[in-house]
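Visitor: Dropping the structure in here first, questions after.
The values are calculated or read from the model by the stated rules, or taken from the named source; none is laboratory data. All values derive from a computational prediction rather than experimental measurement. A quick note on method: Cβ atoms are made from the backbone with ideal geometry, for glycine too, and the neighbour counts reach across all protein chains shown.
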Amino acid sequence: MFLKIPKHSEFAARRTRLYSAVLKKEAKKEETRWGRIVAEGALKMMLEGVSGFAVRPGDITISSSFSGKPFFSFNTSSTSGRQVPERFDFSVSHSDGVVGVSVSDRFAEGWVGFDIERIRKIPNEACEALLTDKEKKYLKRFAFSERMESEMLFWCIKESFLKAIGTGLRVHPKHVEIRQVGKKILISYRGEDQNARINWGKYNRSYIWSRVLIQSCLV
Amino acid sequence: MDQSDQIKDKVYKMISKILGMARDSFEDETPIEDLAADSLELFTLLIAFEKEFNRQASYEDLLELHTVGDIIKLIQRKT
(Lines give C-alpha, C1' and ligand atoms only; values in the text may rest on other atoms or scores of the structure.)
Protein backbone atom coordinates (compact mmCIF):
# COMPACT_ATOMS: atom_id res chain seq x y z
CA MET A 1 0.00 0.00 0.00
CA PHE A 2 1.38 3.37 -0.97
CA LEU A 3 -0.14 6.41 0.69
CA LYS A 4 0.26 9.91 -0.58
CA ILE A 5 1.31 12.30 2.13
CA PRO A 6 -1.27 15.05 2.58
CA LYS A 7 -0.45 18.07 0.48
CA HIS A 8 2.05 20.43 2.01
CA SER A 9 2.19 23.75 0.27
CA GLU A 10 5.98 23.81 0.43
CA PHE A 11 6.13 20.55 -1.49
CA ALA A 12 3.43 21.46 -3.97
CA ALA A 13 5.13 24.76 -4.77
CA ARG A 14 8.32 22.89 -5.56
CA ARG A 15 6.65 20.18 -7.65
CA THR A 16 7.67 17.59 -5.13
CA ARG A 17 5.56 14.64 -4.12
CA LEU A 18 6.07 12.53 -1.05
CA TYR A 19 4.57 9.14 -0.54
CA SER A 20 4.60 7.17 2.64
CA ALA A 21 5.02 3.49 2.10
CA VAL A 22 3.32 1.30 4.62
CA LEU A 23 5.34 -1.74 3.89
CA LYS A 24 5.61 -4.89 5.86
CA LYS A 25 9.12 -5.73 6.90
CA GLU A 26 9.51 -8.41 4.26
CA ALA A 27 8.30 -6.01 1.58
CA LYS A 28 10.79 -3.30 2.47
CA LYS A 29 13.02 -4.46 -0.33
CA GLU A 30 10.31 -3.23 -2.68
CA GLU A 31 10.91 0.36 -1.49
CA THR A 32 13.42 1.04 -4.24
CA ARG A 33 11.12 -0.31 -6.92
CA TRP A 34 8.24 1.74 -5.55
CA GLY A 35 10.40 4.80 -6.11
CA ARG A 36 10.21 4.18 -9.84
CA ILE A 37 6.45 3.76 -9.73
CA VAL A 38 6.07 6.95 -7.73
CA ALA A 39 8.32 8.82 -10.16
CA GLU A 40 6.13 7.72 -13.07
CA GLY A 41 3.02 8.85 -11.25
CA ALA A 42 4.45 12.26 -10.38
CA LEU A 43 5.80 12.81 -13.87
CA LYS A 44 2.43 11.88 -15.30
CA MET A 45 0.72 14.51 -13.15
CA MET A 46 3.28 17.19 -13.96
CA LEU A 47 3.19 16.52 -17.67
CA GLU A 48 -0.60 16.53 -17.76
CA GLY A 49 -0.54 19.91 -16.05
CA VAL A 50 1.82 21.33 -18.63
CA SER A 51 0.61 19.65 -21.79
CA GLY A 52 -3.09 19.81 -21.06
CA PHE A 53 -3.89 16.27 -22.12
CA ALA A 54 -4.05 12.94 -20.39
CA VAL A 55 -0.85 10.99 -20.11
CA ARG A 56 -1.55 7.29 -20.15
CA PRO A 57 0.34 4.54 -18.33
CA GLY A 58 3.03 3.34 -20.70
CA ASP A 59 3.44 6.75 -22.31
CA ILE A 60 6.46 7.39 -20.11
CA THR A 61 9.54 5.22 -19.96
CA ILE A 62 12.00 5.85 -17.17
CA SER A 63 15.60 4.86 -17.75
CA SER A 64 18.99 5.63 -16.24
CA SER A 65 21.98 7.22 -17.88
CA PHE A 66 25.37 5.53 -17.63
CA SER A 67 26.01 7.56 -14.47
CA GLY A 68 22.78 6.40 -12.91
CA LYS A 69 20.87 9.68 -13.33
CA PRO A 70 17.27 8.83 -14.16
CA PHE A 71 15.59 10.34 -17.17
CA PHE A 72 12.33 9.73 -18.96
CA SER A 73 11.29 9.53 -22.54
CA PHE A 74 7.93 9.69 -24.20
CA ASN A 75 6.46 6.99 -26.32
CA THR A 76 5.50 9.39 -29.10
CA SER A 77 3.53 6.78 -31.01
CA SER A 78 1.09 6.59 -28.12
CA THR A 79 0.62 10.35 -28.11
CA SER A 80 -0.46 10.26 -31.76
CA GLY A 81 2.14 12.78 -32.79
CA ARG A 82 1.14 15.38 -30.24
CA GLN A 83 4.11 17.44 -29.22
CA VAL A 84 4.85 16.73 -25.61
CA PRO A 85 7.54 18.73 -23.94
CA GLU A 86 10.39 16.58 -22.69
CA ARG A 87 12.00 19.40 -20.87
CA PHE A 88 11.42 18.02 -17.41
CA ASP A 89 14.05 16.62 -15.12
CA PHE A 90 13.26 14.64 -12.01
CA SER A 91 14.92 13.12 -8.99
CA VAL A 92 13.79 10.31 -6.69
CA SER A 93 14.79 9.51 -3.13
CA HIS A 94 13.62 7.07 -0.50
CA SER A 95 14.37 6.55 3.16
CA ASP A 96 12.71 4.28 5.67
CA GLY A 97 9.20 4.17 4.36
CA VAL A 98 9.05 7.51 2.55
CA VAL A 99 9.59 7.91 -1.17
CA GLY A 100 9.83 11.35 -2.72
CA VAL A 101 10.08 12.60 -6.26
CA SER A 102 10.73 16.14 -7.39
CA VAL A 103 10.28 17.49 -10.90
CA SER A 104 11.76 20.58 -12.49
CA ASP A 105 11.37 22.42 -15.74
CA ARG A 106 14.92 22.30 -17.06
CA PHE A 107 14.56 25.42 -19.18
CA ALA A 108 12.96 27.58 -16.51
CA GLU A 109 14.47 26.14 -13.34
CA GLY A 110 17.41 23.92 -14.17
CA TRP A 111 18.33 20.36 -13.26
CA VAL A 112 16.97 18.99 -10.02
CA GLY A 113 18.34 16.78 -7.27
CA PHE A 114 16.21 15.67 -4.34
CA ASP A 115 17.05 13.72 -1.21
CA ILE A 116 15.06 12.76 1.86
CA GLU A 117 16.51 11.04 4.90
CA ARG A 118 15.16 9.85 8.19
CA ILE A 119 16.91 11.90 10.86
CA ARG A 120 19.41 9.78 12.76
CA LYS A 121 23.04 9.99 13.85
CA ILE A 122 25.42 9.48 10.96
CA PRO A 123 28.08 6.96 12.04
CA ASN A 124 31.30 8.73 13.03
CA GLU A 125 33.38 7.11 10.30
CA ALA A 126 30.92 8.11 7.59
CA CYS A 127 30.77 11.65 9.03
CA GLU A 128 34.53 11.86 9.06
CA ALA A 129 34.60 10.77 5.41
CA LEU A 130 31.87 13.02 4.06
CA LEU A 131 32.50 16.33 5.84
CA THR A 132 35.30 18.74 4.97
CA ASP A 133 37.46 20.26 7.72
CA LYS A 134 35.60 23.57 7.46
CA GLU A 135 32.25 21.83 7.75
CA LYS A 136 33.39 19.85 10.81
CA LYS A 137 34.62 23.04 12.45
CA TYR A 138 31.33 24.77 11.71
CA LEU A 139 29.22 21.91 13.05
CA LYS A 140 31.17 21.61 16.31
CA ARG A 141 29.40 24.70 17.62
CA PHE A 142 26.07 22.86 17.80
CA ALA A 143 24.76 20.80 20.68
CA PHE A 144 24.32 17.09 20.00
CA SER A 145 20.75 16.93 18.72
CA GLU A 146 21.15 20.04 16.58
CA ARG A 147 24.44 18.72 15.25
CA MET A 148 22.83 15.40 14.35
CA GLU A 149 20.20 17.18 12.27
CA SER A 150 22.71 19.57 10.73
CA GLU A 151 25.01 16.71 9.72
CA MET A 152 22.05 14.97 8.10
CA LEU A 153 21.09 18.20 6.34
CA PHE A 154 24.62 18.58 4.99
CA TRP A 155 24.47 15.00 3.70
CA CYS A 156 21.08 15.62 2.08
CA ILE A 157 22.25 18.76 0.33
CA LYS A 158 25.46 17.13 -0.92
CA GLU A 159 23.52 14.15 -2.20
CA SER A 160 20.90 16.40 -3.83
CA PHE A 161 23.60 18.47 -5.51
CA LEU A 162 25.42 15.40 -6.82
CA LYS A 163 22.13 14.04 -8.14
CA ALA A 164 21.34 17.35 -9.83
CA ILE A 165 24.67 17.50 -11.64
CA GLY A 166 24.19 13.90 -12.67
CA THR A 167 27.14 12.23 -10.99
CA GLY A 168 25.54 10.88 -7.83
CA LEU A 169 28.05 9.13 -5.57
CA ARG A 170 30.38 8.72 -8.52
CA VAL A 171 31.90 11.88 -7.08
CA HIS A 172 33.00 11.76 -3.46
CA PRO A 173 30.75 13.95 -1.29
CA LYS A 174 33.82 15.65 0.15
CA HIS A 175 34.23 17.49 -3.16
CA VAL A 176 31.02 19.35 -2.30
CA GLU A 177 31.34 21.89 0.49
CA ILE A 178 28.40 23.50 2.24
CA ARG A 179 28.55 26.87 3.95
CA GLN A 180 25.81 28.49 5.92
CA VAL A 181 25.83 32.28 5.85
CA GLY A 182 22.98 33.51 8.01
CA LYS A 183 19.93 31.68 6.70
CA LYS A 184 21.47 31.17 3.29
CA ILE A 185 23.15 27.92 2.26
CA LEU A 186 25.94 28.08 -0.31
CA ILE A 187 27.55 25.23 -2.19
CA SER A 188 30.99 24.99 -3.68
CA TYR A 189 32.06 22.07 -5.86
CA ARG A 190 35.75 21.28 -6.27
CA GLY A 191 36.52 24.69 -4.82
CA GLU A 192 34.21 26.69 -7.10
CA ASP A 193 31.10 28.43 -5.79
CA GLN A 194 27.98 27.15 -7.49
CA ASN A 195 24.93 29.08 -8.62
CA ALA A 196 22.53 26.61 -7.03
CA ARG A 197 19.09 27.14 -5.60
CA ILE A 198 18.65 25.14 -2.42
CA ASN A 199 15.46 24.43 -0.50
CA TRP A 200 15.26 22.25 2.51
CA GLY A 201 12.98 21.40 5.37
CA LYS A 202 11.75 18.78 7.76
CA TYR A 203 8.89 16.44 7.20
CA ASN A 204 6.93 15.02 10.10
CA ARG A 205 9.78 15.93 12.49
CA SER A 206 11.45 12.66 11.56
CA TYR A 207 12.81 13.38 8.10
CA ILE A 208 14.96 16.01 6.51
CA TRP A 209 14.68 16.77 2.81
CA SER A 210 16.54 18.99 0.40
CA ARG A 211 16.06 20.02 -3.20
CA VAL A 212 18.80 21.56 -5.31
CA LEU A 213 18.37 23.23 -8.68
CA ILE A 214 21.40 23.87 -10.85
CA GLN A 215 21.79 25.11 -14.39
CA SER A 216 24.45 22.65 -15.53
CA CYS A 217 24.28 18.90 -15.57
CA LEU A 218 27.66 17.25 -16.03
CA VAL A 219 26.39 13.99 -17.48
CA MET B 1 38.33 -20.94 5.93
CA ASP B 2 40.39 -19.57 3.02
CA GLN B 3 40.81 -15.86 2.33
CA SER B 4 37.91 -15.71 -0.14
CA ASP B 5 35.54 -17.24 2.38
CA GLN B 6 36.81 -14.90 5.10
CA ILE B 7 36.11 -11.89 2.88
CA LYS B 8 32.64 -13.18 2.10
CA ASP B 9 31.94 -13.77 5.77
CA LYS B 10 33.09 -10.25 6.70
CA VAL B 11 31.03 -8.65 3.92
CA TYR B 12 27.92 -10.49 5.04
CA LYS B 13 28.48 -9.47 8.66
CA MET B 14 28.96 -5.83 7.69
CA ILE B 15 25.87 -5.70 5.49
CA SER B 16 23.87 -7.35 8.24
CA LYS B 17 25.14 -4.96 10.92
CA ILE B 18 25.00 -1.69 8.98
CA LEU B 19 21.72 -2.29 7.17
CA GLY B 20 20.07 -4.13 10.02
CA MET B 21 19.30 -7.19 7.91
CA ALA B 22 19.22 -10.79 9.04
CA ARG B 23 22.05 -12.89 7.61
CA ASP B 24 19.64 -15.26 5.95
CA SER B 25 17.65 -12.47 4.25
CA PHE B 26 20.20 -11.96 1.48
CA GLU B 27 22.67 -13.98 -0.56
CA ASP B 28 25.26 -13.53 -3.29
CA GLU B 29 22.59 -13.18 -5.98
CA THR B 30 20.59 -10.55 -4.07
CA PRO B 31 20.41 -7.32 -6.09
CA ILE B 32 21.81 -4.38 -4.18
CA GLU B 33 18.56 -2.50 -4.64
CA ASP B 34 16.81 -5.31 -2.72
CA LEU B 35 18.89 -4.41 0.32
CA ALA B 36 16.58 -1.36 0.52
CA ALA B 37 19.44 0.80 1.70
CA ASP B 38 19.12 4.54 1.34
CA SER B 39 22.04 6.54 -0.06
CA LEU B 40 23.53 7.27 3.36
CA GLU B 41 23.47 3.61 4.34
CA LEU B 42 25.23 2.69 1.11
CA PHE B 43 27.86 5.35 1.73
CA THR B 44 28.32 4.12 5.32
CA LEU B 45 28.76 0.58 3.99
CA LEU B 46 31.34 1.78 1.49
CA ILE B 47 33.36 3.55 4.19
CA ALA B 48 33.18 0.47 6.41
CA PHE B 49 34.46 -1.73 3.57
CA GLU B 50 37.32 0.69 2.90
CA LYS B 51 38.33 0.64 6.55
CA GLU B 52 37.96 -3.12 7.02
CA PHE B 53 39.84 -4.12 3.91
CA ASN B 54 42.18 -1.13 3.82
CA ARG B 55 41.41 -0.60 0.15
CA GLN B 56 39.71 2.16 -1.75
CA ALA B 57 37.39 1.40 -4.60
CA SER B 58 36.74 4.01 -7.19
CA TYR B 59 33.21 5.18 -7.21
CA GLU B 60 32.95 3.96 -10.78
CA ASP B 61 33.74 0.48 -9.46
CA LEU B 62 30.84 0.83 -7.09
CA LEU B 63 28.34 1.83 -9.72
CA GLU B 64 29.16 -1.31 -11.68
CA LEU B 65 28.01 -3.41 -8.76
CA HIS B 66 24.58 -4.96 -9.04
CA THR B 67 24.51 -7.79 -6.51
CA VAL B 68 25.96 -8.69 -3.14
CA GLY B 69 28.18 -11.19 -4.96
CA ASP B 70 29.61 -8.35 -7.10
CA ILE B 71 30.66 -6.55 -3.92
CA ILE B 72 32.44 -9.65 -2.64
CA LYS B 73 34.22 -10.23 -5.96
CA LEU B 74 35.36 -6.60 -6.10
CA ILE B 75 36.86 -6.80 -2.60
CA GLN B 76 38.49 -10.16 -3.37
CA ARG B 77 40.02 -8.65 -6.51
CA LYS B 78 41.41 -5.65 -4.69
CA THR B 79 42.70 -7.50 -1.64
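Visitor: Of the residues in segment A:164-187, how many are polar (S, T, N, Q) and buried (at least 17 other Cβ atoms within 10 Å of the Cβ)?
Guide: Total satisfying the criteria: 1.
Visitor: When you check A:Val176 against the structure, is it modelled with pLDDT of 95 or more and not basic (Lys, Arg), yes or no?
Guide: So A:Val176 fits the description; yes.
Visitor: Taking the options B:Ser39, B:Ser25, B:Ser4, name whichever one is under 27 Å from A:Ile157 (Cα atoms), surrounded by 13 or more Cβ atoms within 10 Å (Cβ to Cβ) and more than 12 Å from the chain's Cα centre (by Cα).
Guide: B:Ser39
Visitor: Which one of the conditions (1) modelled with pLDDT of 70 or more; (2) over 27 Å from A:His175 (Cα atoms); (3) in a loop (DSSP other than H, G, I, E, B) does A:Ser73 fail to meet, given that it meets all the rest?
Guide: All conditions are met except number (3).
Visitor: Follow-up question, since we're still on this one. Please determine whether any residue of segment A:102-112 is part of a strand (DSSP E or B), within 14 Å of chain B (Cβ to nearest Cβ) and under 16 Å from the mean Cα position of the chain (by Cα).
Guide: No: zero hits.
Visitor: Here is a follow-up. Filtering segment B:20-42 down to residues that are under 19 Å from A:Val98 (Cα atoms) and at pLDDT 85 or above, which residue is farthest from the other protein chains (Cβ to nearest Cβ)?
Guide: Ranking the candidates gives B:Glu41 first.
Visitor: Hey, among the residues in segment A:120-138 that are surrounded by fewer than 18 Cβ atoms within 10 Å (Cβ to Cβ) and part of a helix (DSSP H, G or I), which one's nearest to the other protein chains (Cβ to nearest Cβ)?
Guide: A:Glu125
Visitor: Residue by residue through segment B:54-74, note down the ones that are more than 11 Å from every other protein chain (Cβ to nearest Cβ), buried (at least 18 other Cβ atoms within 10 Å of the Cβ) and modelled with pLDDT under 85.
Guide: Of everything in segment B:54-74, just one residue is more than 11 Å from every other protein chain (Cβ to nearest Cβ), buried (at least 18 other Cβ atoms within 10 Å of the Cβ) and modelled with pLDDT under 85, namely B:Ala57.
Visitor: Looking only at segment B:7-22, count every residue that is within 28 Å of A:Ile157 (Cβ to Cβ) and either among the basic types (Lys, Arg) or touching a residue at least 24 places away in the same chain (Cβ under 8 Å) (or both) and tell me the total.
Guide: 5
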